[in-house]
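A quick write-up on the structure given underneath.
The values are calculated or read from the model by the stated rules, or taken from the named source; none is laboratory data. It should be emphasised that the depicted structure is a prediction, and the values quoted were computed from it without experimental measurement. Here the Cβ is made from the backbone with ideal geometry for all residues, glycine too, and neighbour counts use every protein chain on show. When the accessible area is computed, the model is the full protein with side chains, heavy atoms only, and any ligands, DNA or RNA have been set aside. Shrake-Rupley method; radii C 1.70, N 1.55, O 1.52, S 1.80 Å.
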Amino acid sequence: MLQNTLCQSPALSEEHPETPAAMTASMGSLPPELLAHILGFLDFEELLPRLPLTLKVKATQTTKRIGLDAIVARFPLLRELVLESSSSTSGSGGSGSSTMLVHEVAHQFRGHPTLQRITSASDVVMRGVMSGCPSIEELRLPSDAVVRDDGDDDMVQELRAEQALGRSESAGASRPFDPDTLGPRGRRNVGLILRALPALKHLEIDGPSFWRRQVAMQPDGSAALVSSLGGSHALAVAPTPAAAVSQLETLKMTSINSWSLTNFLAWLASPGEPKLPHLRSLYLDIDYLHFPPSGIRAIAHGCPNLRALKLKFGILARETLFDIATHLHGLERLSLSKCDLWFVSANWAHVCVFLASHLGATLRTISMSMCTIQVLEDAHWHARFESLATRPIEPAAALRSLKLLDTGDARPDAAVLHALLTAFPALEVLRMDVTGDCLPAWDPVFADVLRRGMRGLRVLELRSGKPSMHSDPVKRAATLGMDDGTSSPRVADIAMPHLRDLSLWCFATIPHYLIRPNTATIERLSISYPVVVSHADDDGDDAAALLVSGGASRAQTGLARTEYAFPRLAHLEVRGLSNAAHGICLAALDMATHAAPRLASLTIEAFSRVTAPFPMRTLQRLAHASPDLRALRISSFVMPDDALARVAAAWPLLETLELTGTHCIGAIDGSWHARALAPFMASHRRLSRLALGVSRIAVPGFELLSSDAIMAKLSARGNLLPQDFDGEFVHIVQSANAAAFRRYAAVIRSMYPALRECVLRGPFEVKG
């Protein structure tokens with residue numbers, strides 16, 4: 001019986017003392033007719049305000065037994081459905097595998113009237129989406145195995161589905177489209193999806209196909225269906241009403257094959273009205289295919305309102321960059337990733353300025369990652385470039401974000417950086433590879449360009465290459481970033497009053513002239529893989545060889561006598577790579593955490609073949625400087641036996657704790673849980689992720705195997721000889737040990753409901 005707890009509360013009687021006692025009685029005492037009449041004035045959402053709007057379902061045997069459609073039907077206000085494959089599903093029950101099981105569960109879906117967003121690990125869910133989801137707006141189909149449910153050819157299946165869709169459009173609402181005609185690739189046919197779901201706004205699909213015949217109107221008013229591949233045959237059909245205009249705004253297609261890409265671009269380029277007039281973002285992962293020469297012109301014709309374009313894994317045509325600059329006016333974001341480009345110059349500044357100048361003042365972002373430039377030597381292309389360069393162009397100052405990463409041997413040097421900062425004075429985000437001597441701060445003219453060009457930056461990421469050695473000690477020290485504030489002459493500081501995020505990669509130690517003047521505004525600082533350099537004298541003696549003990553002195557890392565106060569620093573990441581990685585990380589940590597009261601996330605990773613202990617004095621100093629730490633990640637350091645107790649006392653608000661690496665917290669025995677883990681978890685109720693690196697598990701039921709011991713035992717029995725064991729046997733033993741770590745982590749996870757993720761890492765091979 002429904003109870004009105006509000007009417008029964010004493011607060012209501014005190015606030016309204018004149019309220020009669022009869023009005024404060026429970027609603028259950030009212031006649032059902034009157035109660036139904038009162039509730040009839042409320043919307044369904046007001047009657048049941050706490051119903052979940054998002055449902056995440058894993059494909060398990062229990063889900064299959066209950067039925068996905070029955071589960072979804074229990075949530076009348078559902079807006080989002082996520083169907084995931086369960087890696088822990090067994091092969092029993094006729095499912096065969098987890099992949100087959102997720103397809104069987106998806107086949108049970110028959111739709112939902114209020115669903116707007118669907119993410120499914122199986123494309124079999126498309127049967128229910130097309131027939132029973134009238135409100136669908138977002139659809140995501142990640143990669144999965146294609147299950148062939150019949151022996152027909154893929155193209156035959158798609159033709160049948162298209163014919164069925166055409167009949168449903170001609171017959172109107174009386175003959176709905178039958179999604180059961182969809183074949184295995186038809187379920188990922190973008191052409192059919194857009195035709196069947198014209199109200200769809202976001203589509204993200206992996207391994208798509210595209211087969212959609214074009215409709216050509218005949219003089220008598222009938223239509224002819226012509227193959228989008230350019231076939232000469234045409235099939236006469238009855239006149240059909242015009243298809244609804246697609247409302248798609250975002251389209252992401254990954255791992256698209258060659259003929260599907262060709263068909264898709266041919267469909268966009270077909271005469272008539274634009275096919276995707278509302279599309280604003282297009283993402284094409286073309287899997288190292290040759291992008292057609294007319295591809296950009298097809299996109300410009302079919303998507304007139306395009307604002308963001310990303311091409312990935314593509315071998316672009318010679319015309320591509322010129323067509324982007326000529327036809328895609330209004331573009332705001334251009335991203336090219338792992339693409340082969342063609343241009344008249346291999347200079348990255350020339351490419352960026354050319355694109356930004358011709359795309360107009362609307363362009364805000366240029367992103368190029370892992371791209372290579374092939375130089376066009378033909379005079380035809382140089383003439384075309386000069387003809388475009390002589391036309392009136394829009395100012396390029398509107399560019400706000402520039403990314404040039406993983407450029408290979410063609411790293412931007414000081415001249416390129418100078419040209420970019422001069423051409424784009426309004427930059428707010430700059431992420432790029434640079435040469436080791438790209439920042440000659442000893443040059444007053446260049447330093448002035450850096451100060452003016454970087455003044456508006458909010459995000460700066462520089463990834464340095466191998467530094468050049470100069471004979472001048474001052475220039476050499478500036479190139480290597482060894483300025484610690486005490487050298488003379490002092491390297492010029494580069495102040496960026498709006499800087500929030502600073503990331504420095506592979507510099508020869510630390511460029512203090514970028515950090516020192518900006519400590520008051522930096523909120524995120526990342527120092528990754530600084531180079532251990534030689535402090536050689538002028539006579540060339542090598543004064544700092546690579547360390548093999550796992551530690552590095554402050555002099556060898558260029559961090560001597562350097563401590564900064566970061567009043568706004570919230571995220572700090574320090575990574576070292578070499579035998580001196582541990583010393584580098586500790587020196588950088590001392591530099592950045594001298595005073596960081598707002599630090600919430602700390603990551604320290606030392607990638608080295610050797611290990612080193614984590615000093616307790618550093619831990620105590622860190623706890624004093626940053627008491628409100630929420631996430632702590634330390635990798636490849638050896639922690640003391642009471643590490644959990646020390647961490648618990650230092651940071652009571654931790655939500656994420658990762659102490660990983662070989663022998664990080666030692667061995668786990670039967671008393672470890674009660675002695676170390678249980679007190680820690682009792683004092684950290686907010687902890688949601690725990691990752692620990694252990695050297696060994698000595699808990700009954702979770703013993704680790706040793707391949708050497710097993711081989712010795714079997715050889716002693718005379719059953720097998722040592723040479724009979726191959727690498728596959730060792731791999732099986734390692735897999736069994738990895739499973740033991742996962743099982744014990746699952747046991748810990750089950751003990752603490754608030755712990756969402758528990759990971760145990762350790763050596764998969766036990767010696768002896």
* Carbon/sulfur fraction of accessible area - segment 312-443, other protein chains in place, 1.4 Å, % -> 52
* To do: Taking 7 Å along the Cα-to-C-beta vector as the label spot, tell me the Val759-Thr362 distance in nanometres, rounded to one decimal.
  => 4.2
* To do: Calculate how large, on average over all directions, the projected area of the Cα convex hull of segment 625-692 is; give the answer in nm² to one decimal.
  => 4.3
* Rounded accessible area per residue of segment 627-677, 1.4 Å, Å² -> 39
* Asked: Assuming R0 = 51 Å, what is the FRET efficiency of Met751 and Lys310, from their Cβ-Cβ distance, to the nearest 0.05?
  -> 0.70
* Simple label model, 7 Å out from Cα along Cβ direction - Arg675 to His278, nm -> 6.4
* Arrange the peptides 574-585, 108-119 so that the one whose residues have, on average, the most other Cβ atoms within 10 Å appears first. => 574-585, 108-119
* To do: Provide the packing ranking of 307-315, 675-683, i.e. peptides ordered by the mean count of other C-beta atoms within 10 Å per residue, highest first.
  => 307-315, 675-683
* Give the carbon-plus-sulfur fraction of the accessible surface of segment 557-707 in %, rounded to a whole number; probe 1.4 Å, heavy atoms of protein chains only. => 53
* Structure fact -> From most to least accessible, 1.4 Å probe, no ligand or DNA/RNA atoms counted, His571, His358, His594, His103 line up as His594, His571, His358, His103
* Unsatisfied cross-links (Cα-Cα over 18 Å) in the set Lys252/Lys275; Lys56/Lys252; Lys252/Lys312; Lys201/Lys338; Lys58/Lys252 -> Lys56/Lys252; Lys201/Lys338; Lys58/Lys252
* **Sites Tyr288 and Leu388, calculated FRET efficiency, Cβ-Cβ separation with R0 25 Å, nearest 0.05** => 0.30
* For the peptides 698-708, 316-326, what is the packing order when you average, over each peptide's residues, the other Cβ atoms within 10 Å and list the highest mean first? -> 316-326, 698-708
* **Alpha-carbon Rg/Rh ratio, for segment 348-435, with Rh computed the Kirkwood way** => 0.97
* Asked: Dividing the alpha-carbon radius of gyration of segment 313-398 by 2.2 N^0.38 Å (N being the number of residues), what value is obtained?
  -> 1.02
